[in-house]
2 protein chains.
Amino acid sequence: MLSRLSVVAVYLAASLSTVSCQTFRRLGTCPALGCVLPPDQQDFLPGQQFDIRFEVHAPVNGSEAFNGGVPDEKFNVTIAKEGGRSKSIANFFHLEEPTIEKWTFSWFEDLFAQDAKTPSVVNVASKIYRRVALYEPGTYTVTLKYYSGKTTTASWAVRPLATQKKAKNIIFFIGDGMTTNMITAARLLAHKTINGKYQSLLQLDKFPVLGHQMSHSIDSFITDSANSASALYSGHKSTVNAMGVYADSSPDAFDDPKVETIVELVTRIWGSAWGAVSTAFLADATPIALTAHTRSRYQYGALIDQALHGVTNYSWTKIDGPDAYFGGGAEQFLPGSGSYLGKDYYAEFAKKGYTVSLNNTSLQAASNSSKALGVFCKSNLPVWLDRNIFPENLGKLGNDPSGAKAAAKDIPGLKEMTLKAIDVLHTRGGKKGFFLMSEAASIDKQMHSLDYDRALGDLLELDDTVRATVAKLKALGILDETLIVVSADHGHGFDVFGSADTKYLAEQDGNRKKRSAVGVYEASGLSQYTIENPGVSYNTGPNFPLNWDPRYVIAAGMGASPDHRESFGVNKTGPRVPAATIPGRGSSDYYASSTDNPEGFIVNGTLPVDQSQGVHSLTDVPVYAMGPCQETFGGTYSNIDIFYKMANCLGLAQPTNKTIGGNGK
Amino acid sequence: MLSRLSVVAVYLAASLSTVSCQTFRRLGTCPALGCVLPPDQQDFLPGQQFDIRFEVHAPVNGSEAFNGGVPDEKFNVTIAKEGGRSKSIANFFHLEEPTIEKWTFSWFEDLFAQDAKTPSVVNVASKIYRRVALYEPGTYTVTLKYYSGKTTTASWAVRPLATQKKAKNIIFFIGDGMTTNMITAARLLAHKTINGKYQSLLQLDKFPVLGHQMSHSIDSFITDSANSASALYSGHKSTVNAMGVYADSSPDAFDDPKVETIVELVTRIWGSAWGAVSTAFLADATPIALTAHTRSRYQYGALIDQALHGVTNYSWTKIDGPDAYFGGGAEQFLPGSGSYLGKDYYAEFAKKGYTVSLNNTSLQAASNSSKALGVFCKSNLPVWLDRNIFPENLGKLGNDPSGAKAAAKDIPGLKEMTLKAIDVLHTRGGKKGFFLMSEAASIDKQMHSLDYDRALGDLLELDDTVRATVAKLKALGILDETLIVVSADHGHGFDVFGSADTKYLAEQDGNRKKRSAVGVYEASGLSQYTIENPGVSYNTGPNFPLNWDPRYVIAAGMGASPDHRESFGVNKTGPRVPAATIPGRGSSDYYASSTDNPEGFIVNGTLPVDQSQGVHSLTDVPVYAMGPCQETFGGTYSNIDIFYKMANCLGLAQPTNKTIGGNGK
């Protein structure tokens, strides 16, 4: 516990600003005053480990004020399997009764209360039962009785899943924020049609099975990448900013009730190798959620420590670090304010036998037999468009992963990192197989800043990586025993609605006249991105545009944006920054940036003016599957079902208790 | 031919405004000066009838000016099957050589030319070979030689498809403009979650097979509903505003080279019954494209005549009218300016033995053994939301299908029309089976006017209709022999990005402050549409929202819109009209309407200011399939593949010539 104190302090310091995370709900999963976490309607893999927290709330003021703000500490908790006898939680799982915890939190009941600065305060009494598991498939009812007569129940379903492996390996590609709309646009940019027929296709278009997954959170209909990644990896939805836990109301970011992830399961049960590759910083939500158990995704340093050492503040599934771990985010590895307890995590990884690569040459030369760490820059990797089309933009950055004040050089792309990870994982996993997650992170990041070209470039890089992966697996002779799944964690409300004549737009005066440059329906014409542009070095096809800067470009937009200026053409000087503050007008009051597309027309936004970027959207996202178990990925389902489908294909269910004592620990 | 003269006159009168249909392309399918229609890269069903047009262009002025504006009339045209001998077109198809046709058309090379009113003029020499077919699967090359040395070739593929029926019946539902984003939003409004798990689902969510289809036109990447419907029904993409033809450059809207549709094929080959149901007017693109062969979708009266009598100006597949034909659009049936040659089409249909119903009571009482026409209002049917939640809005309309100046009453919904159509088609088709197209048209129409609630209400009505159809087919004992396909023809760039507090929004002052009412991520919260609202008559569940007017509503938007005012709540007084002209500022200069959401904030648009509505978008749209051949609908493919999959399932291929003479006619 001691080692987490500094982290808790950071969380508390930030709590004034994160209070708004609970705007309009006391606790999203707990409309009553008694809370069971995991709450009602949750599903479980047989044998999957988790914690159970109970909370009794006593609102001091506000619309729910109750019992003078004194929470009932004598609450009673039981569990019963359908058709079985009800037992106390402690008895059922053969645990000692935990001690009561108490804390206070506050929330705002609505925007009026927030404006008036009148929070509602809640006192809490709680117990948590740690590291239990349910083995037998079926329905279980958990009952919390409190305040002499109040009851909260939770119905849990342990799914009947397979114990036999059908796939030796799984490679799970995540296009962060990637939607069907974006895939359609990327195809238009990179692949040529003749009279309506595509002459080549995306690799994704060739997948035999397609599904849709619903990405919503457990307690809000728009998700972030932390809790959606967690749903994909654990089969349990969570709350915005949380990973590998059900979010409780306590201030400690590392005491929330945990759920076991696919990486923890596949190493515990089969001893498989595992890896993560991302074009984001490695502590970012999508890669880190494989091992993270926290209420706050922003605890970057501590989460890198969790990836290497596993959970250390409680008894939990032991993991011994990834076998391959490639991405950005040197800040959490260089000793200093960004790393956990200020330590040198290059050294920490090296101590555990890792090769450490800080550039692509070193990465490719690294042994496939050793665990491998690759950190290629600070922050996120520069995007495909800057690495391949506008490399002069890279020199402006001070992102050397060694900590030098220089620009990172010799940076691998998603393809180079993924193919190397496969070599390492195939070598190290051997007969035990492997699990690899590979993330195209900047589809999301560039969509946030409305830089559609950069987002689509990274989507095409993902597609190209999947194409190369299929070829690589074939060459290794393991294509038939490897399940490949490509999906996303959520969407952005992007779509293409026509073309725009950049020449005409630039020469018109005024916001309204410039809009005439947009051509819709028949005037959208054909993609000019696929036409070779002699003398211009854009010619990066096949599978990428031949011209990133044609006169007629796609006209695209989002339903949700900050104020910005639009001209639709590629941003040559670096990633777009659409909105900015104006000196003297407040630090969270964003307007269209005067330096972004100065030749464009003004689009006033639909988002609150404190948002500098676009936001995630509701849409279901596509799922592509190829390989063993592919047939289970058709149709429409929840994001948690991706976990259960993968777990079923890997035979991770343990319907009888063989690993830890009792029915629980 | 004579009977088409009035139509041609209408087309010519309108031609000044429709010239812009060819903005930026001389002819979309013909970048060279010699044109083959069908052009390069087209696919065919074995035995499918079509026309072949050749054009030689002589641009008089502009960037392509050639040969003094004199087109080569001595061009030469041949066809060769792969590995076979090249023959003249006339010889190959045993046709007489057609006479040369000549005309002139003009186009603008770009927006600058359009502003300057400097069109490029083109003289044309052309021949058309009518009513041919290719039977043997394989690749055919058509060659046009012109201007002593210039050559245009077209490679055509006749697909090897089945001659055996696998499905007796097909029901093809089209949610016009329906995207995955909208389906996700509709689910959120109508189905309740508890802690992230849906307690009920859409019928679409239960379909076993999901695919994506690409909706783009043959010559522009954004389609309209005419040419996308045509692609779905014929396996041939076309041009915006065209149906059942490849668009040529001639001024006659009814002389373009035709392709046979699924309705013409299934009646010619199997004698099946067929029907169309739509919530649009029946002459609208999606229903009428089943039988229409025209360059101009706006020839409404003539197209209703084509639906009843088939093509009459040329020898073509005989059709004898639909067996069930239900929708709106009394204007084309009442004698007068909206009907073909001013005739009474209620009478024309009755003459051919149709029952004619003008309300739901009459419809339900009509014999299932007779052909049935049902026209329930002028224009489009009022939407589900107005019919079921705000019926007071119906009384304001003067849409009685009898021509009286009253409001139509007793209007059936999509479900009532579809279930009745199934009864009629099942009775009349008997052992020969049936083909039914059922369209939820106002998903598109209401998305155009940014009325998201009305669009989603009609999407839920479609889903409810599909649910009822499955039950109906089961009751009739024909579920197992009926393929059900649900898809769309194109999208709109709609998505939900959060929630909005309507109370807070209304009470804030100023465009910027009102935007603070939007909650994103965790502040999106949960759907309040599924919470019962005692005392309010909205409680229309299950499968529809319990409350259409909650305090917290979805915040949704489009990347492309006209100027408008947004407040996110339901429009209670009728369908939304977001943009309007301002007296004195020009008739095609749209601004946010002052009477639309006056409590909202201004969103300036991204579309040209002459657009009063939103537009179609690029995105691939989903395909759901259930029944015989369902397994062929997974993955990603072109919209034309829907036709080939359906034709294959119906065994419509004729790989040898049994029906008409020679290799052609």
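The values are calculated or read from the model by the stated rules, or taken from the named source; none is laboratory data. Remember, it's a predicted structure, so these values are computed and weren't measured experimentally. Quick reminder, even Gly has a Cβ in these numbers, built from the backbone with ideal geometry, and neighbours come from all protein chains shown. The protein model used for the area step is the full one, side chains on, heavy atoms only, and it has no ligands, DNA or RNA in it. Shrake-Rupley method; radii C 1.70, N 1.55, O 1.52, S 1.80 Å.
Here are a few things to note about the model shown:
- One residue from A:Ser499, A:Ser516 being open to solvent by 20 Å² or more (accessible area, probe 1.4 Å), within 12 Å of chain B (Cβ to nearest Cβ) and not basic (Lys, Arg): A:Ser516
- Options B:Gly510, B:Gly491: the member that is under 19 Å from A:Val621 (Cβ atoms), out of contact with any Lys or Arg (no Cβ under 8 Å at 6 or more places or on another chain) and either within 11 Å of chain A (Cβ to nearest Cβ) or open to solvent by less than 30 Å² (accessible area, probe 1.4 Å) (or both): B:Gly491
- Checking each residue in region B:628-641 for being more than 9 Å from chain A (Cβ to nearest Cβ) and surrounded by fewer than 24 Cβ atoms within 10 Å (Cβ to Cβ) picks out B:Pro628, B:Cys629, B:Gln630, B:Glu631, B:Thr632, B:Asp641.
- Criterion applied to A:Ala247, A:Ala302, A:Ala231 was being within 13 Å of chain B (Cβ to nearest Cβ) and either among the aromatic types (Phe, Trp, Tyr) or in a helix (DSSP H, G or I) (or both), and the one residue passing it is A:Ala231.
- Members of region A:98-117 found to be in contact (Cβ under 8 Å) with a residue 24 or more places away in the chain and assigned to a loop (DSSP other than H, G, I, E, B), listed by number: A:Pro98, A:Thr99, A:Ile100, A:Phe108, A:Glu109, A:Asp110
- Boolean, A:Asp563 is of a type in the set (D, E, K, R) and in contact with a His (Cβ under 9 Å, 6 or more places away or on another chain): no
- Breaking point among (1) assigned to a strand (DSSP E or B); (2) over 23 Å from B:Thr469 (Cβ atoms), for B:Pro401: (1)
- Near pairs, Cβ below 8 angstrom, 6+ apart or cross-chain, from region B:495-520 (within 12 Å of B:Tyr552 (Cα to Cα)) to any residue that is among the basic types (Lys, Arg) and open to solvent by 10 Å² or more (accessible area, probe 1.4 Å): B:Asp501/B:Arg551; B:Thr502/B:Arg551; B:Lys503/B:Arg551; B:Leu505/B:Lys514
- Taken across region A:455-467, residues that are modelled with pLDDT of 95 or more, away from every other protein chain (no Cβ under 14 Å) and outside any helix (DSSP H, G or I) do not occur at all.
Per-residue answers, yes or no, for (1) of a type in the set (Lys, Arg); (2) within 8 Å of chain A (Cβ to nearest Cβ); (3) crowded, with 24+ Cβ neighbours inside 10 Å:
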| site | (1), (2), (3) |
| --- | --- |
| B:Lys237 | yes, yes, yes |
| B:Val240 | no, yes, yes |
| B:Ala253 | no, no, yes |
| B:Ile262 | no, no, yes |
| B:Gly271 | no, no, no |
| B:Gly275 | no, no, yes |
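- Among the residues making up region A:261-280, those that are in contact with a Lys or Arg (Cβ under 8 Å, 6 or more places away or on another chain) and either within 30 Å of A:Val383 (Cα to Cα) or part of a loop (DSSP other than H, G, I, E, B) (or both) are A:Gly271, A:Ser272, A:Ala273, A:Ala280.
- For region A:192-202, filtered to residues that are in contact (Cβ under 8 Å) with a residue 24 or more places away in the chain and open to solvent by 20 Å² or more (accessible area, probe 1.4 Å), the residue that is nearest to the other protein chains (Cβ to nearest Cβ) is A:Thr193.
- Looking across region B:347-359, the residues that are touching a strand residue (DSSP E or B) at 6+ places or on another chain (Cβ under 7 Å), open to solvent by 30 Å² or more (accessible area, probe 1.4 Å) and free of Cβ contacts under 8 Å to residues at least 40 places away in the same chain come down to B:Ala350, B:Thr355, B:Val356.
Results for (1) under 30 Å from A:Val77 (Cβ atoms); (2) modelled with pLDDT under 95; (3) of a type in the set (A, V, I, L, M); (4) in the same structural domain as A:Phe75 (by TED's automatic domain parsing), shown as yes or no for each residue.
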{"residue": "A:Thr139", "(1), (2), (3), (4)": "yes, no, no, yes"}
{"residue": "A:Val142", "(1), (2), (3), (4)": "yes, no, yes, yes"}
{"residue": "A:Gly149", "(1), (2), (3), (4)": "yes, no, no, yes"}
{"residue": "A:Ala154", "(1), (2), (3), (4)": "yes, no, yes, yes"}
{"residue": "A:Ile174", "(1), (2), (3), (4)": "no, no, yes, no"}
{"residue": "A:Asn181", "(1), (2), (3), (4)": "no, no, no, no"}
{"residue": "A:Ala185", "(1), (2), (3), (4)": "no, no, yes, no"}
{"residue": "A:Asn195", "(1), (2), (3), (4)": "no, no, no, no"}
{"residue": "A:Leu202", "(1), (2), (3), (4)": "no, no, yes, no"}
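- Hey, A:Val485 more than 8 Å from chain B (Cβ to nearest Cβ), among the aliphatic types (A, V, I, L, M) and surrounded by fewer than 24 Cβ atoms within 10 Å (Cβ to Cβ) or not: no
- For region B:602-615, filtered to residues that are surrounded by fewer than 24 Cβ atoms within 10 Å (Cβ to Cβ) and of a type outside the set (D, E, K, R), the residue that is farthest from the other protein chains (Cβ to nearest Cβ) is B:Ser612.
- Positions within region B:532-558 being within 11 Å of another protein chain (Cβ to nearest Cβ) and in a loop (DSSP other than H, G, I, E, B), in sequence order: B:Arg551
- A:Ile218 vs. criteria at the interface with chain B (Cβ under 7 Å from one of its Cβ atoms), open to solvent by 20 Å² or more (accessible area, probe 1.4 Å) and β-branched (Val, Ile, Thr): no
- Filter pass, A:Val621 being in contact with a strand residue (DSSP E or B) (Cβ under 6 Å, 6 or more places away or on another chain), aliphatic (A, V, I, L, M) and open to solvent by less than 10 Å² (accessible area, probe 1.4 Å): yes
- Lone qualifier among B:Phe75, B:Phe44, B:Phe105, B:Phe92 - being within 34 Å of the chain's Cα centre (by Cα), open to solvent by less than 30 Å² (accessible area, probe 1.4 Å) and either away from chain A (no Cβ under 14 Å) or among the polar types (S, T, N, Q) (or both): B:Phe105
- Region A:324-342 residues that are more than 8 Å from A:Leu282 (Cβ to Cβ), paired with ones that are among the aliphatic types (A, V, I, L, M) and assigned to a loop (DSSP other than H, G, I, E, B) (beta carbon under 6 Å, 6 or more apart): none
- Condition check for B:Gly177 on (1) farther than 29 Å from B:Thr418 by Cα; (2) in contact (Cβ under 8 Å) with a residue 12 or more places away in the chain: one failure, at (1).
- Checklist (1) part of a loop (DSSP other than H, G, I, E, B); (2) at pLDDT 95 or above; (3) surrounded by 19 or more Cβ atoms within 10 Å (Cβ to Cβ) applied to B:Gly664, failing item: (2)
- From the list A:Ala285, A:Ala324, A:Ala330, A:Ala280, the one residue that fits, being buried (at least 24 other Cβ atoms within 10 Å of the Cβ), closer than 27 Å to A:Gly430 by Cβ and touching a helix residue (DSSP H, G or I) at 6+ places or on another chain (Cβ under 9 Å), is A:Ala324.
- Out of A:Leu394, A:Leu381, sole residue that is at pLDDT 95 or above, within 25 Å of the chain's Cα centre (by Cα) and surrounded by 15 or more Cβ atoms within 10 Å (Cβ to Cβ): A:Leu381
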